[in-house]
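Here the structure is laid out as structure tokens; the discussion comes afterwards.
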Amino acid sequence: MIIRKGNIDDLAGLRRLFADTIINVCRSDYNDEQITVWSSATENIKRWESVLEEQFVLISEEQDQITGFCTLDKGNYIDLLFVHKDYLRQGTAEKLYTAVEQEAIRLNQAALTSDVSKTAKSFFEKMGFIVLKEQTVYVKDIEFINYKMRKTLS
């Protein structure tokens, strides 16, 4: 596995991985309507372009296939962390997260925060995050439960 910085040429691959992961991995935590609405976020091309242009984006690859990605916004907010369904529980998320945390430390950040799905909550807890609060968010008028989480950096 290699980890590299993302660039605009990764746009299609990141969008595809995002939707595929939601559709295939998050089904046990969210219903069909929620999955459809959440995965449709790939349609907002401007949002994805701004992620790649404005955030610190790391991508994991094996044999020229994107296996995961993690983004750091404003040096202290993990905006996106997704791993291909065939690469779960193989250390991909942990390697991506650790590299992003190192970037936050390099930037002298005191803490990391994220709004975390039900599916990802246990991973973030394993990485040392604590739940600040459970929250209800709405995407296209569809209700989702997720968690505002935080980790103090040393």
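Of the residues that make up the stretch 30-44, is at least one of a type outside the set (Val, Ile, Thr), in contact (Cβ under 8 Å) with a residue 24 or more places away in the chain and within 23 Å of Leu112 (Cα to Cα)? Checked against the condition, which is being of a type outside the set (Val, Ile, Thr), in contact (Cβ under 8 Å) with a residue 24 or more places away in the chain and within 23 Å of Leu112 (Cα to Cα), the stretch 30-44 yields no hits at all. In the stretch 105-141, the residue that is farthest from Ile22 (Cα to Cα) out of those that are modelled with pLDDT under 95 and touching a helix residue (DSSP H, G or I) at 6+ places or on another chain (Cβ under 8 Å) is Lys140. Checked against (1) closer than 16 Å to Ala99 by Cβ; (2) without any contact (Cβ under 8 Å) to a residue 40 or more places away in the chain; (3) among the aliphatic types (A, V, I, L, M), Val51 passes all but condition (1). Across the stretch 1-30, the qualifying residues are those that are buried (at least 16 other Cβ atoms within 10 Å of the Cβ) and among the hydroxyl-bearing types (Ser, Thr, Tyr), and the one among them that is farthest from Gly91 (Cα to Cα) is Tyr30. Looking at this structure, is Cys70 in contact (Cβ under 8 Å) with a residue 12 or more places away in the chain, touching a Phe, Trp or Tyr at 6+ places or on another chain (Cβ under 7 Å) and closer than 16 Å to Phe123 by Cβ? It is true that Cys70 is in contact (Cβ under 8 Å) with a residue 12 or more places away in the chain, touching a Phe, Trp or Tyr at 6+ places or on another chain (Cβ under 7 Å) and closer than 16 Å to Phe123 by Cβ. Across the stretch 92-112, the qualifying residues are those that are surrounded by fewer than 16 Cβ atoms within 10 Å (Cβ to Cβ) and free of Cβ contacts under 8 Å to residues at least 40 places away in the same chain, and the one among them that is nearest to Ile145 (Cα to Cα) is Glu94. Go through the stretch 29-88 and give me each residue that's more than 16 Å from the chain's Cα centre (by Cα) and among the basic types (Lys, Arg). The one that is more than 16 Å from the chain's Cα centre (by Cα) and among the basic types (Lys, Arg): Lys46.
Scanning the stretch 77-96 for residues that are under 20 Å from Asp20 (Cα atoms) and of a type in the set (Ser, Thr, Tyr) yields Tyr87, Thr92. Within the stretch 136-154, if we keep just the residues that are assigned to a strand (DSSP E or B) and either at positive phi or of a type in the set (Val, Ile, Thr) (or both), the residue that is surrounded by the fewest Cβ atoms within 10 Å (Cβ to Cβ) turns out to be Thr136. Residue by residue through the stretch 107-154, note down the ones that are farther than 22 Å from Thr42 by Cβ and charged (D, E, K, R). Residues satisfying the conditions are Lys121, Glu125, Lys126, Lys133, Glu134, Lys148, Arg150, Lys151.
The values are calculated or read from the model by the stated rules, or taken from the named source; none is laboratory data. Remember, it's a predicted structure, so these values are computed and weren't measured experimentally. Backbone-built Cβ (ideal geometry, glycine too); neighbour counts: all protein chains shown.
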